[in-house]
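Below is one structure, written out as structure tokens; the observations come after it.
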Amino acid sequence: MTLGVLAALAMAFVMFAGFWTDWLWYRSVKYSSVFTTTLWTKIGLFFVFGLLMALAVGVNIWLAHRLRPPLSAMSMEQQNLDRYRMGIAPYKKWLLPSIAALVGLIAGASAAGQWRTWLMWVNGVPFGQKDPQFNLDVSFYAFDLPWYRFLLGFGFAAAVLSLIAAALTHYLYGGLRITSPGARATAAATGHLSVLLGLFVALKAVAYWLDRYGLAVKSSDFKATDNWTGLRYVDANAYLPAKTILFCIAVICALLFFATLWRRTWQLPLIGFGLLVLSAILIGGLYPAIVQQFQVKPNEQAKETPYIEKNIEATRKAYGIDGVKVDEISGTGDSGNAEQQRDQADSVASYRLNDPNVVSPTFQQLEQERKYYQFPTTLDVDRYKGQDTIIGLRELNLERVDKKNWINQHFIYTHGYGAIAAKGTEIQPGSEGSPAFTEQGLPTTGTFNKGYEQRIYFGEKTTQYSIVGGPQKELDYEEAGGQKTYQYRGKGGIDLSNPLNRAAYAAVFSEPQMLYSGAIGEGSKILYNRTPKERVEAVAPWLTIDGDAYPTVIGKRVVWVVDAYTTTNGYPYASRTTLGTTTTDALTNDDSQRTLVAQQNQVNYIRNSVKATVDAYDGTVNLYTWDDKDPVLKTWKKAFPGTVKAKSDIPAELKEHLRYPQDLFKVQREQLGVYHVTNADQFYNASDVWQVPNDPTSGDRVAVPPYYLSLKMPGDDQQRFSLTTTFTPSGRPNLAAYMAVDADANSAQYGTLRLLRVTGESEVDGPVQWQSKLSSIPAVQEFTRNAETSKSNMIFGNLLTVPMDNGFLYVEPIYVQGSNAEYPLLKKVAVSYGGKTAFEDTLEQALNTVFGTEGAVTKPPEEGTTQPPTNENPTVQEALNDAQKAFEAGQEALKKGDWEAYGQAQKDLEDALKRAEDAQSNADTSGDKSGDTAGDQSSGDST
């Protein structure tokens with residue numbers, strides 16, 4: 001008895017601990033209203049629907065028992081059941097409440113899971129858009145219909161369970177007979193069961209009526225898309241009238257069942273029910289099949305055209321692609337002036353040579369500092385001072401701590417340290433191909449605000465809880481002089497000095513040491529739910545979170561930016577997509593952090609309605625309205641008032657770092673592959689379907705990821721920070737189109753999708769084609785062989801595609817990871833334009849080669865001027881000779897695959913060229929002075 005009581009108390013405390021710690025966590029992040037609103041909604045649904053189900057089943061069992069015939073009227077069959085009646089007689093008082101309570105608990109738990117559906121129904125706001133079939137606001141399908149379907153499902157469950165329970169009770173107490181001669185049921189049992197059957201058929205009538213509206217959001221396979229949604233010809237002309245007819249028949253059938261209360265016969269209800277079943281087969285199944293076969297198929301295109309037009313219009317609106325601007329481009333490039341095109345190539349884009357998907361090991365090797373720090377597999381792209389920047393946080397990796405124990409893992413090693421950044425477009429001068437860091441070191445120094453809080457307590461790799469702020473000092477960072485310690489002073493975390501809190505967390509984390517550890521004391525706080533995605537999901541469980549949270553340094557803090565979406569799958573006529581599948585590409589394949597949370601959610605409406613931030617030091621979460629016109633967001637803001645701040649509250653410095661989210665762009669490009677076609681006939685024929693090409697630099701057949709890039713689209717006068725992608729025709733490798741969206745949140749054109757459709761007569765190489773041709777170039781093959789000979793790994797970086805002068809410029813950095821090096825270094829750059837490809841050491845050399853502008857260019861002197869004499873300064877000549885020797889030494893080392901010698905030669909080359917430049921500058925200065933003395937009689941430009 002004692003053990004049983006103790007076990008029950010322990011289980012009760014564990015349940016209480018889960019509830020209590022959740023409340024403490026929400027209160028610590030100042031979103032307790034989310035916890036209470038969700039909790040009370042679940043409790044309300046649980047008790048209301050649990051009670052309704054318990055009453056429905058309990059009352060019918062009680063009624064069936066009350067309507068039992070007297071024992072004298074029972075047949076021999078029923079008298080044989082007497083031992084069962086005698087067996088349950090002692091438990092009769094609590095048996096009925098127990099059965100009712102059991103089904104009530106199950107129904108209540110199921111109903112509690114519908115809290116989102118309830119809140120959307122009760123708080124729903126209109127879309128201001130009506131469906132073309134029933135002329136109802138879209139909110140009916142998005143907010144109302146799901147709730148009505150839940151109520152209908154609950155009603156069916158209650159009717160069926162009540163019917164089963166009543167029938168068993170009637171049988172047990174003699175109201176029903178199976179084998180005995182005579183009437184099969186008493187009049188009372190007949191009336192009771194007929195009413196329950198009538199309720200079931202009445203609910204079926206309601207289901208037929210709702211099914212009419214359900215046709216507007218019904219999915220099916222059709223031609224160019226596997227996720228067609230909405231009515232087609234057979235739905236509007238066969239299924240819709242069939243559902244209406246079946247509704248009427250079901251109503252009549254239900255009335256016949258109810259009439260049994262007076263007629264006391266099953267004859268008419270059974271005839272009606274048989275008619276309903278027959279009608280469902282003939283009218284609901286056979287008739288639509290006949291219409292499809294004999295009316296639609298012979299002239300399907302003409303029949304389906306009006307419905308295709310509705311689907312196209314709705315899908316483009318639902319995914320926000322109805323405003324895409326389409327232009328045409330031949331793709332082959334104009335053969336203009338080489339020098340002008342070369343100048344244009346410099347200004348048309350900021351080419352990112354540091355691929356954030358490749359250089360993470362370089363960051364790791366050069367800036368890790370301590371082995372227990374870690375950078376993400378894929379770094380992030382941001383903008384600082386107008387410069388495209390690669391950024392990553394030095395987060396904590398507890399797996400690499402030498403001595404693993406409870407104190408080290410939860411008290412000593414608690415946080416990462418510093419944000420490391422590098423220019424996206426430049427390589428460090430004098431290096432062997434490493435990035436040009438703008439923020440580095442431990443602690444970091446560079447271009448970021450001095451004195452910013454560098455400690456990273458909340459990050460993508462921070463998945464374990466830490467206990468901070470108490471007697472036990474934390475390891476801050478290590479330097480040459482020894483270790484620095486720290487004591488957390490942030491406002492984040494939950495107080496553990498309270499004995500109740502301490503015991504609750506010991507139970508939740510199954511860690512008894514929390515109860516007696518001396519490392520916990522006054523000021524101790526526990527930090528958990530530490531990844532940005534976890535925190536935003538918790539405070540806004542009604543949002544779908546983007547797969548890529550990215551860090552920014554704003555003011556004195558490192559802040560994670562998280563894009564969040566509002567979605568629904570109830571937009572009429574808009575085709576659906578599966579988020580997890582659509583957002584998978586070459587990057588999500590390698591990094592599980594960069595995937596949408598809602599892996600298998602099917603949606604047909606999505607908006608980036610919320611921008612969220614998570615402070616990397618104290619975990620503070622802020623939600624900001626971004627799309628203030630979104631009706632789904634308005635609905636959730638009504639349900640959770642005060643949780644989402646106004647758009648005007650976004651700090652100006654934060655807005656500089658906001659960008660167009662990748663996952664939304666992936667969803668939109670997937671839909672535009674089909675829905676760039678707005679002509680119904682062309683859509684039906686599926687003659688112009690596009691696909692996202694496979695990543696040519698990945699061995700797996702996965703989609704190429706979209707790339708952030710500052711570029712000028714045709715007609716632009718300046719570069720815009722954009723997110724870009726390419727399309728190829730379905731089943732073919734050549735380029736079909738190029739798309740970019742203005743990704744700069746401060747731009748007036750933010751979110752504007754621009755599509756360049758390739759219309760030239762000759763085919764333009766797509767990414768896979770271009771990569772294949774590049775690999776077949778002799779210089780590339782020789783470089784590859786040299787890398788293999790030296791047991792080095794050759795890595796192709798991001799293939800950047802940039803529209804320029806009616807053509808496309810391809811730029812791809814190539815890295816080499818030596819056998820003894822743990823990180824890749826940039827060694828070559830490949831460039832292609834107008835069918836000509838270059839493979840050179842630098843981007844400048846490659847562009848010069850492609851546009852035929854290699855070597856010195858000397859402008860002729862203007863009329864009336866005198867060409868300055870050639871500088872014969874021996875210092876210049878000596879430096880140029882050294883440069884030639886260094887270049888030859890580098891080429892020789894390259895052939896041998898000696899990367900160390902190659903790097904030294906490149907350094908010598910740079911030094912020699914620098915000396916030549918300085919000497920030339922001095923000579924020019926002397927010449928200017930001589931010219932001044934002679935009356936400034938000569939002028940000119942020399943290169």
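Every number in this text was worked out from the coordinates using simple rules, so none of it is lab data. Because the structure is a prediction, the values reported are computed rather than measured. Neighbour counts run over all protein chains shown; Cβ positions are idealised from the backbone, glycine included.
Estimated at 0.36 nm per residue, the fully extended path between Met15 and Arg264 surpasses their Cα-Cα distance by 84.4 nm. Filter Lys325/Lys423; Lys556/Lys655; Lys491/Lys556; Lys791/Lys828; Lys461/Lys647 down to the pairs with a C-alpha to C-alpha distance above 20 Å, please. Exceeds cut-off: Lys325/Lys423; Lys461/Lys647.
Ellipticity at 222 nm from helices only: DSSP H runs of n ≥ 4 in the chain, each -39500 (n - 2.57), divided by the residue count, give -13500 deg cm²/dmol.
In this simple spin-label approximation, Arg116 and Lys130 carry label points 7 Å from Cα along the Cα→Cβ vector, and these lie 3.0 nm apart.
For the chain, the equivalent ellipsoid derived from the alpha-carbon gyration tensor has semi-axes of 68, 39, 22 Å in decreasing order. For region 186-318, the tally of Lys pairs with Cα-Cα distances below 30 Å comes to 20, considering only residues 8 or more apart or on different chains. Applied to region 380-395, the Karplus parametrisation 6.51 cos²θ - 1.76 cosθ + 1.60 on θ = phi - 60° returns per-residue 3J(HN,Hα) values of 10, 10, 9, 10, 9, 6, x, 9, 5, 10, 8, 9, x, 8, 7, 8 Hz, with x for Gly and Pro.
Net charge within 14 Å of Ile494 by Cβ-Cβ distance, Lys/Arg positive one each and Asp/Glu negative one each, not counting Ile494 itself?
On the way: positive: Arg27, Lys30, Lys491, Arg502, Lys525, Arg530, Arg535; negative: Asp22, Asp495, Asp618.
Net of charged neighbours comes to +4.
For a modelled paramagnetic label at Phe156, 7 Å from Cα along Cα-to-Cβ, the residues of region 184-225 in reach, with backbone nitrogen under 18 Å, are 196-219. Scan around Arg383 for amide H atoms under 5 Å from its own, H built in the peptide plane at 1.01 Å from N, and keep only partners 5 or more places away or cross-chain. Those qualifying (amide H under 5 Å, at least 5 residues apart or on another chain) are Thr389. Taking label positions 7 Å along the Cα-Cβ direction at both Lys218 and Asp628, the computed distance is 4.2 nm, reported to one decimal. Gly155 sits among other residues whose Cβ lies under 11 Å from its own Cβ, and their net charge, with Lys and Arg +1 and Asp and Glu -1, is +2. Across the chain, Cα pairs under 8 Å and at least six residues apart give a relative contact order of 11 percent.
For region 543-587, the relative contact order works out to 32 percent when only alpha carbon pairs closer than 8 Å and six or more residues apart are counted.
Mean Kyte-Doolittle hydropathy of 0.5 or higher plus an axial Cα length of 15 Å or more: which whole DSSP H helices in the chain meet both?
Details: long enough: 2-28 (38 Å, 1.10); 32-66 (49 Å, 1.27); 92-112 (30 Å, 1.26); 145-172 (40 Å, 1.41); 187-214 (40 Å, 0.99); 240-263 (35 Å, 1.88); 267-281 (21 Å, 2.01); 300-318 (26 Å, -1.43); 662-675 (19 Å, -0.63); 778-789 (16 Å, -0.91); 874-896 (33 Å, -0.82); 899-933 (51 Å, -1.44).
TM-like helix candidates: 2-28, 32-66, 92-112, 145-172, 187-214, 240-263, 267-281.
For region 351-456, the pair-distance distribution built from all alpha carbon pairs, in bins 5 Å wide starting at 0, is 2, 13, 22, 23, 18, 11, 6, 4, 1, 0 percent. If you sort the three axes of the alpha carbon gyration tensor as a ≥ b ≥ c, you get a/c of 1.5 or more for region 513-561 and a/b no higher than b/c, which makes it oblate.
With 0.36 nm allotted per residue and the present C-alpha distance subtracted, the Ala7-Val59 stretch has 15.2 nm of extension available. For region 702-719, the Karplus equation 6.51 cos²θ - 1.76 cosθ + 1.60, evaluated at θ = phi - 60°, returns couplings of 10, 5, 5, x, x, 10, 6, 7, 8, 8, 10, 6, x, x, 7, 9, 8, 5 Hz by residue, with Gly and Pro reported as x.
Legend: calculated FRET efficiency, Lys473 to Phe47, from the Cβ-Cβ distance at R0 = 45 Å, rounded to 0.05, equals 0.35.
Charge tally for Lys204 (other residues, Cβ to Cβ under 12 Å; Lys, Arg +1; Asp, Glu -1): 0. Length gained on full extension, Lys403 to Lys773, computed as 0.36 nm times the residue gap minus the Cα-Cα distance: 128.1 nm.
Close amide-amide hydrogen proximity is noted between Ser517 and no other residue 5 or more places distant or on a separate chain, at a cut-off under 5 Å (H modeled in the peptide plane; Pro and chain starts excluded). By the count of other C-beta atoms within 10 Å, a proxy for reagent exposure, Lys655, Lys461 are ordered fewest to most as Lys655, Lys461. For region 634-692, the Kirkwood radius over C-alpha pairs fed into Stokes-Einstein at 10 °C and 1.306 mPa s yields D = 104 µm² per second. Grab the beta carbon distance between Lys655 and Ser819, set R0 = 41 Å, and tell me the FRET efficiency rounded to 0.05. The value I calculate is 0.35. Annotation: amide H-H contacts under 5 Å for Arg720 (H modelled 1.01 Å from N, sequence separation of 5 or more, or interchain): Leu711, Lys712, Met713.
Using the 10 angstrom Cβ neighbour count as an exposure proxy, how do His170, His657 rank, fewest first?
His657, His170
Taking N as the residue count of region 531-658, its C-alpha radius of gyration divided by 2.2 N^0.38 Å amounts to 1.07. Summary value for region 186-318: 30 percent relative contact order, contacts being C-alpha pairs under 8 angstrom separated by 6+ residues. If you take the Cα centroid of region 289-355 and the Cα centroid of region 668-700, the two points sit 8 Å apart. Please find the FRET efficiency linking Asn685 to Asp226, where r is the Cβ-Cβ separation and R0 is fixed at 22 Å, and quote it to the nearest 0.05. Efficiency, rounded to the nearest 0.05: 0.85. Computed from backbone phi with θ = phi - 60° and the Karplus coefficients 6.51, -1.76 and 1.60, the 3J(HN,Hα) list for region 352-359 is 7, 7, 8, 6, x, 8, 10, 8 Hz; x is used for glycine and proline.
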